[in-house]
Every structure is written in structure tokens, then in C-alpha cells.
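Every read-out reported here was derived from the displayed coordinates using simple, explicitly stated rules and does not represent laboratory data. Computed from a prediction, not measured in an experiment: that's the story for all the values here. Virtual Cβ from ideal backbone geometry, glycine too; neighbours counted across all protein chains shown.
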Amino acid sequence: MLEWFFDPLSEAVSFPADQLRCLGALFLAYPLALIFRHLPANNPNIKHLASILTSFFLFIVIVDDLVGLLHLLGSSIAVWRVMASVKGKWGPRIVFIGVMLHMSVSHLMRQLNDYRGEKIDHTGPQMILTMKLTSWAFSVQDGRRNPKELSKYQQEHAIATFPNLLHYLSYIFFFPGVLVGPTFEYMDYIRFIDLSELRDIKTGKIHWPSGRIKAAMTSFFFSLIALASLAILGPKLDVLWTLDPAFKALPFALRFGYVMLAAFAARFKYYAVWKMAEGACVLAGFGYNGQDPKTGEARWDASSNIDIFKYEFGESIKALSDSWNKGTNKWLKNSVYFRVVKPGAKPGAVETFSTFAVSALWHGFYPGYYLMFISSAFALTAGKLLRAHVRPRFVSATTGKTPRWYNALGIVATQITMNYLSMSFLILSFKESVALWKDLYYVVHIGIAVVILLTPVLLPVKRKSKRDQHQKLSAKEEAEMVKDTVEELAAEVATAAVVSNAEVLDGSAAFKLKTL
């Protein structure tokens, strides 16, 4: 549909029509979100129906992907039926296996029919759907369990009453995030729809926090900057030009510089769509995240999937992964990692491997992905060694902070590493990715190997005094330490899995728990 509009526009701006359609749907979500925000608060069903119909309209009329919509709708209804019929622990397990297989088939079909991914299809929305369906299924099962068996997070998001199809599909097809995310929990969505999170307990009145319009427009503004940057830099910094003989003929410094700039420019497409979707969610009223403890101002970042500033100026790969694709980090932590852990048991290698395996399948099957994942695993290990062996030598005894020059060096080294490694994620194929790294003399890979092999030898960590070693903790303090460490490890594994699906290769995760 609407070929008469998008096809001429595509020729005029030299931009693919399918990508223009996707952007058109994201743009249109803003006025629709403004209307959605003012729908009657006393009749949630109107909002539920509006959310579903709006997404159907965007898929069928704007994006022109009826087949993709049927994939998502069919999978969603099947999951709803499974969880309505299967009451035991196998309900969410069947759902998890089923939707992961469905998504994997979609990934493979795309890889066979459109290897370079030049056309937009339903695999992107299906990746978002997979996270929603699996987390929803686990929350339904949590609602059927004894609350004492659940973690605090699981108690807050447990679904006590099985939802009807209208409420369920409204959550699945919430229109601002149906194409590119973000993902979120069902109960968070329901509290947004009925406005219970904004309702005064005593009076029952609804109090909308300030700053919603400002937050939405800020995200929209950033998305426009990213789009403009992509339009300007994209044609000049084509990643695939690194495979051209003309690129290979350049001096090393120019080749390396081009790779740094090309990888940087490629990120703008993610920034553009993620920030645009975030702004539409906030404009609709979804995304309130309490008050800032320092300023007291309302925060509207609950639907944020990327922290651009923290990513571009992160001082370590771990800091970058914490800021990138945050919705997936949260899903891997709460719907994978902690679901594999047996009640009362300490998580270890099995839980870590499971998380990385799911993350790998979720991303797809391009060899270039796995080259980056495995390489990033060793880069993460190198980063941990530097933090443990080098950083303490530069920490000020008075301030407890490192010098600015040290921090700046960390930012530069981190960006160089990720820009270099991410090229395989963008090039996709094994042979061409390795060929590019060879053209760059494997400089970053060699640097990572040097750090891993020589840092512990040349800069050993100072041992603690005997007094510190023999200092005993109380039972309560030890229990708290174990709990905090497990929580920290879960977050670490989940965030690392987004960038690297093989961090467990260094054995640090299992070792950390064994030393508790």
C-alpha cells in the first residue's frame, strides 16, 4: 500500500522504500501517541483496542508487511493458548522453545534469501516479540507459584490473573515499540494502561509527573540528529567499501582510520530508531521511572534502550555493554539466567553457558556475529585484567579516582577495540571479516592477546595482608555478600552476552562463584 507515495519519495531522496516505510511508521507513532495519551482513563479497554488496531494499521498500511504481521500474530495467539492450557512449569518452557525455534527459522530464511539484509522484514519485530512472549509466559507461571519462592523482581511482575486476549495482544502490539522495541514486562504495561502507578493511594486522583513532553522531544531530537548524520556519513563511510581493492591499496593509517569512522557511522541507524521509538513511548505516557534521587525531577527513561553518551564515552567494554540494548540485557538476566538457576543453588557455568547460547540464537546465525562475540569475550577478559592489575596503580589515595588522562586513554582504547571488532558484525561473512582484520594486521587481536598473556606476569596484583585474609565475616554479612555477588554476576553475564556470547571462555564467571 501507499506505493504512490513511498516509491517516488524513495527515488527523490535516494533512500530504500522499505526503510522509508519503517521511518514513516516511527514518525507517525508520535501524533498517534499524543492521541493515545488522552484516551479515557476510566475505560482501559479503549486503550487496549486502540493499541492493537494502531499496530495493525502501521504494519499493513505503512510498513506493508501483512505476512510479517501474521507471523507475529500467529505466534502470539499460540503462546496465549499454551499458557492457558499448560498450568505447570512446562508452560513457559514450551513457549521458550517454540518462539526461539520460530525466530531461528525466520533468521535462517532471511540469511538464505537476503544475506546482506538489504530489505527490512519481520525478523526485527520478531526478536522484540520473542523477548515479550517468553517474559510474559514466565510471569504467568510466577502468578501461579507461591510468592515466597519468587525473587522481588518476580513478585513485582507476576501475573496473578490470566489476561484475556484483548489485554494480552495490547501488550504484545503496543504500537510505539512494536517495530524496534523497547521490550518491557506485562505488569509494567498494565500499570501504565490503568495509570495505577500515577494514582494517589489516598485520593485516587491521577497525578501526571512533569517533563514528559520534554523527555519525548529530547529523544525525538536525538533521533533526528542520528538520521541526519546517517544520511550524510552513510554514503561516504560504507562498511562494505573495506572489501574493495581500492581500500586495500590505502596506507595502513588510512585503512585503520576509515574503519574507525565507518563503525562509528554505522551506529547511527540504531540510535535513530531506538531513540525515536523511546520518544513515542514517552509521549504516550509510558516510560515513567520515578524521581531522580539527586534532583527530585521525574525520570522518563524506563523505555530507554540506549544511553548514547555512556556508550560513546565508556571507559571499558563492560561499560559499553551496560549502555547498549538495555532491554535485551534485562531479558537475558531475568528470563534466562535466573530461570536456569535452581532454587537455593548458586549459579555457575551451566547458567552462564545457557545465557550466552540464548543470546547467540536470538541474534541469528551470521558467522560475522560470532567472530565479534568470541573476540569480544577475550576483549572483556583483557579489560578485567587491566582493571585488576593496572588501574589500582593510578588510583589517587586522597580522592579514590583515576587521573583524567587515564580515563581518556580508556575511552580511546575501548572505542578502538569495539569499532575494530564490530566490523565483522556489520560485514556478516566469515571470510570477508577475517580478510579485513588481516588488512589491519590483526592489530587489536594482537593487543588483546598481549594484555591477557603479559599483564598478570609483568604487573601482578598485590596480595592482601594476613590480617585482611583472616578477617571473618558474620553469617549475615556473608549471606549478603553472596546475594550481592550473584546479582552482580547475573547482570554482568547478561550485559556481556549482548556484546559477547562467549565470555565464559575465560572461566571468570564460574571462578567468581567458587571463591564465595
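Name the shape class, rounded, prolate or oblate, that the alpha-carbon gyration tensor gives for the stretch 1-82, where a ≥ b ≥ c are the square roots of its eigenvalues, rounded holds for a/c under 1.5, and otherwise prolate holds if a/b is larger than b/c and oblate otherwise.
oblate
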Rel. contact order, % - alpha carbon contacts under 8 angstrom, at least six apart, the stretch 267-387:
15
Give me the percent relative contact order of the stretch 135-284, please, defined on Cα pairs under 8 angstrom at least 6 residues apart.
27
Using alpha carbon centroids, what distance separates the stretch 31-92 and the stretch 273-331, in Å?
24
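Is the shape of the stretch 3-198 best called rounded, prolate or oblate, per the rule: a/c under 1.5 gives rounded, else a/b larger than b/c gives prolate, else oblate, with a ≥ b ≥ c the square roots of the Cα gyration tensor eigenvalues?
Note, shape of the stretch 3-198 comes out oblate.
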What helices in the chain pass both tests, a Cα length along the helix axis of 27 Å or more and a mean Kyte hydropathy of 0.5 or higher, using whole DSSP H runs?
17-37, 66-85, 90-113, 212-233, 367-389, 404-427
Fewest Cβ neighbours within 10 Å first, please rank Asp200, Asp7 accordingly.
Asp200, Asp7
Distance in nm between pseudo-label sites at Ser14 and Trp405 (7 Å out along the Cβ direction from Cα)
4.5
Neighbour counts of other C-beta atoms within 10 Å: give me Met260, Met276 arranged from fewest to most.
Met260, Met276
Under the 0.36 nm per residue contour assumption, what length would be gained going from the current alpha-carbon distance of Ala160 and Phe57 to full extension?
33.9 nm
How would the chain be classified by its alpha-carbon gyration tensor: rounded, prolate or oblate, with rounded meaning a/c under 1.5 and the a/b versus b/c comparison settling the rest?
oblate
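Taking only DSSP H segments of four or more residues, each worth -39500 (n - 2.57), what value at 222 nm results for the chain once the sum is divided by all its residues, to the nearest 500 deg cm²/dmol?
Value at 222 nm, helices only: -21000 deg cm²/dmol.
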Calculated FRET efficiency, Trp241 and Lys310, Cβ-Cβ r, R0 41 Å, to nearest 0.05?
0.90
So if we plug the beta-carbon distance of Ser429 and Ile201 into 1/(1 + (r/R0)^6) with R0 = 60 Å, what FRET efficiency do we get, rounded to 0.05?
0.55
When Val282, Val341 are ranked with the fewest other C-beta atoms within 10 Å first, the list becomes Val341, Val282
Under a point spin-label approximation (7 Å from Cα along Cα-to-Cβ), what is the Asn42-Leu261 distance to one decimal in nm?
6.2
Mean Cα-pair separation over length for the chain, i.e. relative contact order, pairs under 8 Å, 6 or more apart, %:
15
Two-site FRET efficiency, Ala249 against Arg116, from Cβ-Cβ distance with R₀ of 25 Å, rounded to 0.05
0.55
